[in-house]
Amino acid sequence: MTTGFKKYIYAFFITTAIFITAIFLSNYFSQKRLNEIKNIESRIAIDILASETQFALLEELSCGDIGNTFLSKELNELGEKLSYTEENRGSDDLEVLNLKRYYSLLQIKDFLLYQKVKQRCGVPKGVLSPIIYFYSNEDGECDDCEKEGFVLTRLREEYPEFRVYSFDYNLDLGALATLINIYGIEKDLPAILLNDRLYYGFRSLDEMKTLLPELKKIDAARLKEAGKATSTKQ
C-alpha cells in the first residue's frame, strides 16, 4: 500500500469521524432543546391552572386584589425555544408540530384568562394590552412574516411586560380555527389583533409603538428616571 493511498484512507476516516461527531452533537443539542421546551410547557400549564384557580378565588373579592402577576411569565421563553427548534428540525417535524399545537393551546388559555380579568376588573395596573399575531411559514404565503416576527421580538426585548400571542395560521388545531373565525381573521398575513381591531400587513417598530400608546408612557417614565439618576450623580 503506497504512502499516498494511506493518506487518503486516513483522511477518509478522519472526515467520517468528524461528520458523525457533528451529527451526534446536533442531535444531542436538538433533543436537549426539546426537553427544555417540554419542561417549560409543564411549568406554564401549572402557571395557567394556578392562575385560573386564583381568578376563581378572587371572583368574590375586590378587583384590587388582582395584581399584574396572574399571567404565566414563561410563554415568551417557550416561544423563542420552539422557534429555534422549528428552524433546526423543520416546520414539518411531527414532534415540533405536536409541541406547536400544545403551545398554541396554552397561549389561547392564557389569553382567555386575560379576557376574563379584563371583563370583570378592567386591565390590571402594570399589564399591557396583548397582541395576537398570525403568520405563515408556507413558501410564498407571507413574505413579511419573518420581518414582523423580528419587530415583535424586539418589542418583547425592550418591554419584558409586553405580551405577544403568536399563531401559525395554517396549524391544524380546532381551537385555533375557532379563534380565527370568532375574530374574522383573513388570510392576509401578517395579521395583528390588538384591542379587538385588526391590522393587516407589515408594521414597523415605530408603527407598533404608535398602536400601543402604553409603550410611549413607559418610554417617558424611563427617560424621567434616567434624568433623576443623572441629576443625583451630578
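The values are calculated or read from the model by the stated rules, or taken from the named source; none is laboratory data. In this text the structure is predicted, and so the values were computed from the model without any measurement. Cβ sites come from the backbone with ideal geometry, for glycine too, and all protein chains shown count toward neighbours.
Can you say whether Pro190 is surrounded by 13 or more Cβ atoms within 10 Å (Cβ to Cβ), not aliphatic (A, V, I, L, M) and not assigned by TED's automatic domain parsing to the domain that holds Glu80, as far as the supplied structure shows? The answer is yes for Pro190.
Looking at Asp139, Asp65, Asp93, which one is more than 23 Å from Thr178 (Cα to Cα), in the same structural domain as Leu212 (by TED's automatic domain parsing) and either at pLDDT below 65 or not small (Gly, Ala, Ser) (or both)? Let's see the steps before the verdict.
On the way: Asp65 fails: in the same structural domain as Leu212 (by TED's automatic domain parsing); Asp93 fails: in the same structural domain as Leu212 (by TED's automatic domain parsing).
So the residue among Asp139, Asp65, Asp93 that is more than 23 Å from Thr178 (Cα to Cα), in the same structural domain as Leu212 (by TED's automatic domain parsing) and either at pLDDT below 65 or not small (Gly, Ala, Ser) (or both) is Asp139.
Restricting Asp188, Asp168, Asp172 to residues that are more than 18 Å from the chain's Cα centre (by Cα) and in contact (Cβ under 8 Å) with a residue 40 or more places away in the chain narrows the list to Asp172.
Reported count of residues in the range 147-168, each being surrounded by fewer than 13 Cβ atoms within 10 Å (Cβ to Cβ) and under 15 Å from Ala191 (Cα atoms), is 1. Of Lys81, Lys100, which residue is touching a helix residue (DSSP H, G or I) at 6+ places or on another chain (Cβ under 6 Å) and part of a helix (DSSP H, G or I)? The conditions single out Lys81.
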